[in-house]
Amino acid sequence: MIRKVFRPGPGAPGRILVLSGLDGTGKSTQAEMLARRLACEGIAVGTVWNRWKPLASAPLIWLARRRLSSVRDARIADYRNFTESKKKRMQSPAKRAAWQTMVWIEYALEVNLRLSRHRCRSRGVICDRYVYDTIVDMAVNFSLGPEELHRLCENRLLDLFPAPARAILIDIDPRTGAERKNDGTPEEYLADRRELYLEMARLTGAAVIDGGGSVEEIAGRIWEETAEWRSSLLEKRE
């Protein structure tokens, strides 16, 4: 098990809670519900949508997508061919190393900037997505199975990211996720990632919650799983 993937959090260790999982699991809804409930308890927390957003690398990614497929929005319209093309282009160890370096450096800058905005205003931060989700996407692009996922977690550049105090994976059936997402995201896209997410949770010791229930049931499970984290925030308040 690889629990210590990241370095200790900056300034106030133990502040970060991560909600991770497939599209359609309701991470954003749960993050907002948890933040509201905590506010009622007198605990100020911030919420951050923490997906990697290509900025400096955006032109390179745009050019790469143009070379991979001429289909507009190929991730949805031509998912399987688009994905297989990416996998073929990423077979070279040199390309994989360069891609990881670019992604982790740029993403780390984004994450640390987003989190820094909440240091003074709140005692805790709820992250809707985190590095776990990006590692899963990278594993798909590199044609890595769950049994090989640990190789990506050993990258030293992950030391650039603050370590979450607690991580929760909301697990869901890919078909249900695609139906809930309702934006054209292919079920196959989600199916390619589910087992990787479960292995990511095993490697990092994240709690796994069944996302097939009602919004209220999932919120209740998250509340139970965050008891220790909430207690630590209360101690900081005192």
Query raised in the report: In nm, what is the difference between 0.36 nm times the number of residues separating E217 and R156 and their Cα-Cα distance?
Result: 18.2 nm
Report summary line: With a 26 Å threshold on alpha-carbon distance, the violating pairs from K88/K181; K95/K181; K86/K181; K27/K95 are K88/K181; K95/K181; K27/K95
Report summary line: For K53, the aspartates and glutamates lying under 20 Å Cα to Cα, once residues fewer than eight places off in the same chain are dropped, come out as D23, D73, E106, E110, D128, D133, D137, D159, D183
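Please state the shape class of region 85-191: rounded when a/c is under 1.5, otherwise prolate if a/b exceeds b/c and oblate if not, all from the C-alpha gyration tensor.
Working: a/c = 2.04, a/b = 1.15, b/c = 1.77.
Oblate.
Throughout, read-outs are computed from the coordinates displayed, never taken from laboratory work. Being a predicted model, the structure only gives us computed values, none of them experimental.
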